[in-house]
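Trainee: Next up is a structure, given as structure tokens.
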Amino acid sequence: MQKGNQLYEGKAKKVFATDDEDLLIVSYKDDATAFNGQKKGTITGKGVINNRMSNLLMKKIAETGIPTHYVKELNDRETLVKRVKIVPLEVIVRNIAAGSFSRRYGVAEGVVFSSPTVEFSYKNDELGDPLLNDDHAIALGLVTREEIETIKKYALGVNSFLRSFWEKRGVTLVDFKIEFGRLRDGTIILADEISPDTCRLWDSKTKEKLDKDRFRLDLGGVDSAYKEVMRRLEEEA
Ligand code: 5GP
């Protein structure tokens, strides 16, 4: 597999072409940003952890019947993935109130929901990623009705899998953000990453935050939280 030109550099990843037009290489960086890029920093070793964690989880999610972009881990920071056109929606699943949900609806962090919620934000930095519903996403031409139903079904499937996976390792999955893409033939698959950058993960006993909120909220111990969650991930359950 020949690595080609850099196609894109995002906040946490770079994407390269390959000699196969249906495959790309994703390279994970240690850079961290929050609040739409207003807060910037580095989390040492984050790229290596997010690459490994995301790949391991995507492999297991694929086993549950949800298609993903993962093809092959190339090295510590780089992974071969299927080329998709990203659907410009952040798909957020929540099990417990936190973050923007708590702020928006005035609900204390930690309130457990009777069933998970799925919400969508329009991926658009200029507009500040506004919240939108299924009808808005369809009206904006971002997805069809059928596609959004598939996305919701997959998002809840990912949540069921991840919740029990983490629970067995003493970690509570509070919420997470995922993204989907379309293959050349239009098939919707899970893309992007699943990592402590994109999930809220709490120690089940102590409720200690083991994710990017430590960076967002200046709680300290960011590198060690990422390492701890990686250690738990690799534990036999
Ligand atoms: P909230 O809407 O409460 O800020 O975030 C909900 C969940 O989605 C959290 O797990 C958070 O990490 C993730 N999330 C939401 N937006 C983004 C984003 O722009 N980037 C990343 N990395 N995660 C996000």
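The values are calculated or read from the model by the stated rules, or taken from the named source; none is laboratory data. Everything numeric here is computed off the predicted structure, so don't read it as measured data. So basically every Cβ, Gly included, is an ideal-geometry build from the backbone, and we count neighbours across all protein chains shown. Heavy atoms of the whole protein, side chains included, go into the accessibility calculation; ligands, DNA and RNA do not. Shrake-Rupley method; radii C 1.70, N 1.55, O 1.52, S 1.80 Å.
Trainee: What are the ³J(HN,Hα) values, in whole Hz, obtained from phi via the Karplus relation 6.51 cos²θ - 1.76 cosθ + 1.60 with θ = phi - 60°, for each residue of region 178-190 in sequence order, with x given for Gly and Pro?
Mentor: Values per residue, Gly and Pro as x: 10, 10, 10, x, 10, 6, 3, 8, x, 4, 7, 9, 6 Hz.
Trainee: Spelling out what I want: for every residue of region 194-201, take phi, set θ = phi - 60°, compute 6.51 cos²θ - 1.76 cosθ + 1.60 (Karplus), and round to whole Hz; glycine and proline get x.
Mentor: Working through the residues one at a time gives 10, 7, x, 6, 10, 10, 9, 10 Hz.
Trainee: Using the heavy atoms of the protein chains alone and a 1.4 angstrom probe, what is the accessible area of region 84-237 per residue in square angstrom?
Mentor: Counting only protein heavy atoms, the per-residue value for region 84-237 is 47 Å².
Trainee: For a quick protection proxy, order the peptides 202-210, 52-60 by their average other-Cβ count within 10 Å, most packed first.
Mentor: 52-60, 202-210
Trainee: Strictly greater than 21 Å: what percent of every Cα pair in region 142-223 meets that?
Mentor: 39
Trainee: Sticking with this one: Which value in Å is the Kirkwood Rh of region 64-167 over different Cα pairs?
Mentor: 15.8
Trainee: How big, on average over all directions, is the shadow cast by the Cα convex hull of the chain, in nm²?
Mentor: It is 12.9 nm².
Trainee: Taking all protein chains as present, what is the carbon and sulfur share of the accessible area of region 112-201, in % to the nearest whole number, probe 1.4 Å?
Mentor: Summing carbon and sulfur atoms, their accessible area is 50 percent of the total for region 112-201.
Trainee: Taking θ = phi - 60°, what integer Hz values does the Karplus form 6.51 cos²θ - 1.76 cosθ + 1.60 yield along region 139-144, in sequence order, with x for Gly and Pro?
Mentor: 4, 6, x, 7, 8, 8
Trainee: Considering amide H positions built from the backbone, and no H for Pro or chain starts, which residues 5 or more places from residue 83, or on another chain, come under 5 Å of its amide H?
Mentor: Hits under the 5 Å cutoff: 23, 24.
Trainee: Can you give the Rg to Rh ratio for region 1-79, taking only C-alpha atoms and Rh from Kirkwood?
Mentor: Checking Rg against Rh, the ratio lands at 1.00.
Trainee: Another one. In the structure shown, do any of 14/209; 29/212; 59/123; 11/212 have a Cα-Cα gap over 18 Å, and if so which?
Mentor: Those over the limit are 14/209; 59/123.
Trainee: At a temperature of 25 °C and a viscosity of 0.890 mPa s, determine how fast region 154-200 diffuses translationally according to Stokes-Einstein, using the Kirkwood radius over alpha-carbon pairs as Rh; express D in µm²/s, rounded to the nearest whole number.
Mentor: 210
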